Amino acid sequence: MDRRDFLRTTMLAGAAMTLAPRATSAADARVDVLLDEPIARIDPNVYGHFVEHLGGVVYDGIWVGEGSRIPNTGGIRQAIVDHMRRLPKGVLRWPGGCFADSYDWRDGVGPRESRPRRTNFWSDEMPARPDGPWKYDPNHFGTNEFVRFARLCGGEPYLAANLRSLPARDFYQWVEYANSPAGSTTLAELRARGGSPEPLGVRFWGVGNETWGCGGNLTADEYAVEYRKFTAWLPKYGVPLSFIGSGPNGNDLSWTRRFFTTLTAKGEGALNSIWGWALHHYTWNASRGATTDWDKGKGDALAYTTDEWYELLHQASLMETLITGHWAVMGEIDRRHRVKIVVDEWGTWHKPGTEIHPSHHLGQQSTIRDALVAGLTLDTFHRHADKVAMANIAQLVNCLQSLFLTDGDRFLVTPTYHVFALYAPHAGGEAVRTQIGAPDVGYQRVNDRGEVAGLSGSTSVRDRTVTLTLVNPHATDATDATITLRGGRAASARAVTLAASDIHAHNTFDRPAAVAPSAESAVQVGSGGTFTHRLPASSVTRLTVALG
Ligand code: AHR
């Protein structure tokens, strides 16, 4: 059954149902969970994060210093660690981003007081911002501190190596620094002097970042040659090193095709040296088709029209075709699909002006709209659990689509954090196919009409518990969804929702719980195991269904 046929059947079925009176107008939708159609296990690493030395991410955000009056563990902000421990244990990527290709890891090791101060990669973009560690990096947060932070959060570190301005030697010596046994090498002793005698056991390594741009301005062919050189030999120390190649900018399929062609020019064995292929996709263009200009196309994080609300959700939904498009091209060369997709930068990117503190370059507020982008994107990753092995939302704190905002001792969680918490039971579950039928929502673009899917979501199963997450993008209308499990029977169900009556709703230091999930409540399940649940307008909902 194709999507249109399914929709037609859905609407007929919906018309025959008796529903409670509607508080607002509500469209009907049908959700069929196909328990017998598994996709793959959802890797918890799709719940990964990104930490770059950019604006307020490290200094102010994560690193407050050991002497700070802000509660901390060894200089690391305690509130972030505490909240991260409630989320899936995904990887954390560091130190960039574009910063990575200007970074010498040697600057951030050894005794903290003797580390050099360096001009930050982003400082030229910050002339109007105050001077501070975000412009002149004191390197107090280096490799040991980052790995400690990742482990405190319960996640694994993912280090991005500098391919633009350091040779391959520095890469393999960074691996030696991180992973060589205690006391074995001079670099292991240096690591110990910085407080970590035991190996850091770093498995994930990025080989450059955005090498088509800030990471060297290379062609895909040039990068493939560099990639082969950088990964030709690295010391393993028993750690299964997993290298991640710097993939395309959005839908640049030719970057993927050229890279894999040149990578394998000397034989398919080269595919053994690449574990993941990094794709970057930001949701930024709110102009509704008016422009593709990177600066002009961005909209405000807080002030937007309903049409701009839909446009941004539409932009987020493009992740689906990016994944399937690049996957198909990768398969032309990597026929057995050994290499997986790593979306190591994703999220919303709005224009400047809503940052919490003037030092927070690329900082922005985060509303219920950003939360829906997170829900749509995570659902997309689940639906492609066979392809996407890791993803990293950009960035963890005080930058782009953050989970946390801080200003000195003030701290809040954004609506996006709540989506990560809501979706947590998916991590490690088996994704199964879900068929959704709901009328698309239309909206006005500058020169044409746009559409977003009227309902989207994903399902996973673990230990006879089904987790179904659904995003209702409608700005004003609730949706009554009739949910049927095919291949199993629902015995009982519970629901929890993140919603807001105002599409601009967000959390502030004064109102930190303005957007927060509802209390979880029971959902009535009919004797046939099918049930109907009302999804409020502009909401993200998790349904937890026990199988009978
Ligand atoms: O996340 C901000 C920047 O966006 C990163 O440094 C870069 O990789 C991307 O262009």
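Observations on the structure shown:
- Inter-label distance, T508 to T530: 4.7 nm, where each label sits 7 Å from its Cα along the C-beta direction.
- The alpha-carbon atoms of region 426-501 define a convex hull whose volume equals 134 cubic angstrom per residue.
- Computed extension gain for W233 through L318, at 0.36 nm per residue and net of the alpha carbon distance, reaches 26.9 nm.
- The chain - percent of accessible surface contributed by carbon and sulfur, probe 1.4 Å: 50
- The heavy atoms of K135 offer some 10 square angstrom of accessible surface to a 1.4 angstrom probe.
- Rounded to the nearest 500, the helix-only mean residue ellipticity at 222 nm of the chain stands at -7000 deg cm²/dmol, with each DSSP H run of n ≥ 4 adding -39,500 (n - 2.57).
- Accessible area in square angstrom per residue, region 195-238, 1.4 angstrom probe: 43
- Its Cα gyration tensor gives the chain an equivalent ellipsoid; the semi-axes, largest first and in whole Å, are 39, 26, 23.
- Whole-Å distance, taken between Cα centres, linking region 308-375 and region 70-107: 20
- Cα-derived Rg to Rh of region 149-266, Kirkwood definition: 1.02
- Annotation: Cα Rg of region 360-515 relative to the compact-globule expectation 2.2 N^0.38 Å equals 1.13.
- Comparing T497, H474, F509 along the charge dipole axis of region 472-548, the residue lying farthest to the positive side is T497, per the Cβ-charge model.
- Dipole of region 78-197, positive direction: furthest Cα of A188, L152, W122, with charges on the beta-carbon: L152
- Diffusion coefficient (Stokes-Einstein, Kirkwood radius over C-alpha pairs, 20 °C, 1.002 mPa s) for region 91-132: 178 µm²/s, rounded to a whole number.
- Considered as an equivalent ellipsoid built on the Cα gyration tensor, region 285-358 has semi-axes of 32, 15, 10 Å, the largest given first.
- Averaging the sequence gap over all C-alpha pairs within less than 8 Å and six or more residues apart, then dividing by the number of residues, gives region 252-367 a relative contact order of 37 percent.
- With both labels modelled 7 Å from their Cα along Cα-to-Cβ, the A40 to R449 distance reads 3.7 nm.
- Size of charge dipole - the chain - debye, nearest 20, with Cβ of Lys, Arg +1 and Asp, Glu -1, no other charges: 1120
- Take region 451-548 with all the other protein chains still there, run a 1.4 Å probe, and you get 39 Å² of accessible area per residue.
- In Å², nearest 10: area of L166 left accessible to a 1.4 Å probe: 30
- All-pairs Cα distance distribution in region 83-199, expressed in whole percent, bin size 5 Å: 2, 12, 18, 21, 21, 15, 8, 3, 1, 0
- Using C-alpha pairs below 8 Å separated by at least 6 residues, the relative contact order for region 102-192 is 28 percent.
- Antiparallel DSSP beta bridges within region 241-382, as percent of all bridges there, nearest 5: 10
- Percentage relative contact order, the chain, counting C-alpha pairs under 8 Å, at least six apart: 19
- For the chain, the cysteines with no partner cysteine C-beta closer than 4.7 Å are C153, C399.
- Given R0 = 30 Å, the distance between the Cβ atoms of A522 and E430 translates into a calculated FRET efficiency of 0.75.
- Counting only protein heavy atoms and a 1.4 Å probe, region 242-347 has 38 square angstrom of accessible area per residue.
- DSSP-defined beta bridges in the chain - what % are antiparallel, rounded to 5: 60
- Computed with a 1.4 Å probe on the full set of protein chains, the accessible area for S527 sits at about 120 Å².
The values are calculated or read from the model by the stated rules, or taken from the named source; none is laboratory data. Note that this is a predicted model, so its numbers are computed, not measured. Every residue, glycine as well, gets a Cβ built from its backbone with ideal geometry; the counts of neighbours run over all protein chains shown. SASA here: full protein model, heavy atoms, side chains in, ligands and nucleic acids out. Shrake-Rupley method; radii C 1.70, N 1.55, O 1.52, S 1.80 Å.
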